[in-house]
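Presented below is the structure to which this report refers.
The values are calculated or read from the model by the stated rules, or taken from the named source; none is laboratory data. Source: prediction; values computed, not measured. When we count neighbours, we look across all protein chains shown, and the Cβ atoms used for this are built from the backbone with ideal geometry, even at glycine. Protein only, heavy atoms only, side chains kept; ligands, DNA and RNA dropped before computing areas. Shrake-Rupley method; radii C 1.70, N 1.55, O 1.52, S 1.80 Å.
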Amino acid sequence: MDVRSAGYRPRILLGTYQKLGYLRSDTLVVLSPRKPPQSYHYDFKTNTQTSAKSSETLGREAISYYQSAYYLFRTGGLKK
């Protein structure tokens, strides 16, 4: 999607050695090995996060971004 379009929704993908994060709006989803996704409310003003009710839809969205990126990497789809 074009980041200049009116329908663009900003998001952040981040990762560490064992955890992957997906931040959309003010909700952070953390993916960990062998654990269900965990959700947090992120406060940009205070740079704090508090536990929030997990959204299955947002958790699946986070997983799909990382799985798609892995698939493209593995199959050479990121090369031009």
Only one of Arg11, Arg60, Arg24 is under 11 Å from the mean Cα position of the chain (by Cα) and open to solvent by 100 Å² or more (accessible area, probe 1.4 Å), namely Arg60
Going through segment 32-57 in order, the residues found to be open to solvent by 60 Å² or more (accessible area, probe 1.4 Å), hydrophobic (A, V, I, L, M, F, W, C) and more than 17 Å from Arg9 (Cβ to Cβ) are none
Residue within segment 33-46 that is without any contact (Cβ under 8 Å) to a residue 12 or more places away in the chain and in contact with a Phe, Trp or Tyr (Cβ under 8 Å, 6 or more places away or on another chain) present
no
Can you list residue pairs whose Cβ atoms sit under 9 Å apart, with the first residue in segment 8-27 being under 14 Å from Ser55 (Cβ atoms) and the second being loosely packed, with under 11 Cβ neighbours inside 10 Å and of a type in the set (A, V, I, L, M, F, W, C)? Count only pairs 6 or more apart in sequence or on different chains.
Tyr22/Ile12; Leu23/Ile12; Arg24/Ile12; Asp26/Phe44
Looking at Val3 and the list (1) exposed (fewer than 10 other Cβ atoms within 10 Å of the Cβ); (2) in contact with a helix residue (DSSP H, G or I) (Cβ under 6 Å, 6 or more places away or on another chain); (3) aliphatic (A, V, I, L, M), which single condition is not satisfied?
(2)
